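Here is the structure we will look at.
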Amino acid sequence: MGPATVTVFVIGAGNEPLPSEAFQLAGLVPDEVHPFMLKEQPAAIASQGLMSYDLTFRDTSLTLSTYMCETLRRLCADGRAVAWAGFEGSFHYDHLLTEDVASSVYGYCVSGAEPVVAWDFATLRGVAWKKQIAETRAALEELLRRP
């Protein structure tokens, strides 16, 4: 089995990546941190800033749920932001935190609120999770409406 890569996104934290030391959280240190500024951002998103981070762990026996909560909390810590973790291939500007990708989003955080992470497929495919992702989408839409 190869390394585990966690992909997180944040809108509202600007377009400058955090240093890799910012991801040394919950007693875990990723083996690799790769920040990406996503290209061709829609104007409303570009004005807030959008960053993606791939966090790679070679030790796949680690329990990453606590780490993910702390990572999402960290991404939302410096101001108004919405952050989420998603499976690779789930990102598309037209489907940010929408119902059709809800089962591919396994964690989210909105500034001022506690992060939420779910690891089991039953939860990710459930009606309650879709509702939570819709509420997070509403928070994202509110963030994008603000100057």
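Details
- Being over 19 Å from Glu142 (Cα atoms), among the basic types (Lys, Arg) and either touching a Leu at 6+ places or on another chain (Cβ under 8 Å) or open to solvent by 40 Å² or more (accessible area, probe 1.4 Å) (or both) is a property that Arg80 lacks.
- Residues of the range 20-56 satisfying the condition of being charged (D, E, K, R), more than 16 Å from the chain's Cα centre (by Cα) and within 14 Å of Val6 (Cα to Cα): Asp31, Glu32
- Scope the range 63-77; condition farther than 18 Å from Leu143 by Cβ and surrounded by fewer than 23 Cβ atoms within 10 Å (Cβ to Cβ); matching residues: Thr63, Leu64, Ser65, Thr66, Tyr67, Cys69, Glu70
- Identity of the residue in the range 116-135, part of a helix (DSSP H, G or I) and open to solvent by less than 40 Å² (accessible area, probe 1.4 Å), that ends up nearest to Val8 (Cα to Cα): Ile133
- When restricted to residues that are in a helix (DSSP H, G or I) and either open to solvent by 30 Å² or more (accessible area, probe 1.4 Å) or free of Cβ contacts under 8 Å to residues at least 60 places away in the same chain (or both), the range 11-45 contains 6.
- Residue among Tyr108, Tyr93 that is open to solvent by 10 Å² or more (accessible area, probe 1.4 Å), within 10 Å of the chain's Cα centre (by Cα) and touching a residue at least 24 places away in the same chain (Cβ under 8 Å): Tyr108
- Which listed residue is touching a helix residue (DSSP H, G or I) at 6+ places or on another chain (Cβ under 6 Å), within 26 Å of Ser20 (Cβ to Cβ) and touching a residue at least 12 places away in the same chain (Cβ under 8 Å), from Val101, Val82: Val82
The values are calculated or read from the model by the stated rules, or taken from the named source; none is laboratory data. Keep in mind that what you see is a predicted model, and the values were worked out from it rather than measured. Cβ atoms come from the backbone with ideal geometry, glycine included; neighbour counts cover every protein chain shown. Quick note on the areas: whole protein, heavy atoms, side chains included, nothing else; ligands and nucleic acids left out. Shrake-Rupley method; radii C 1.70, N 1.55, O 1.52, S 1.80 Å.
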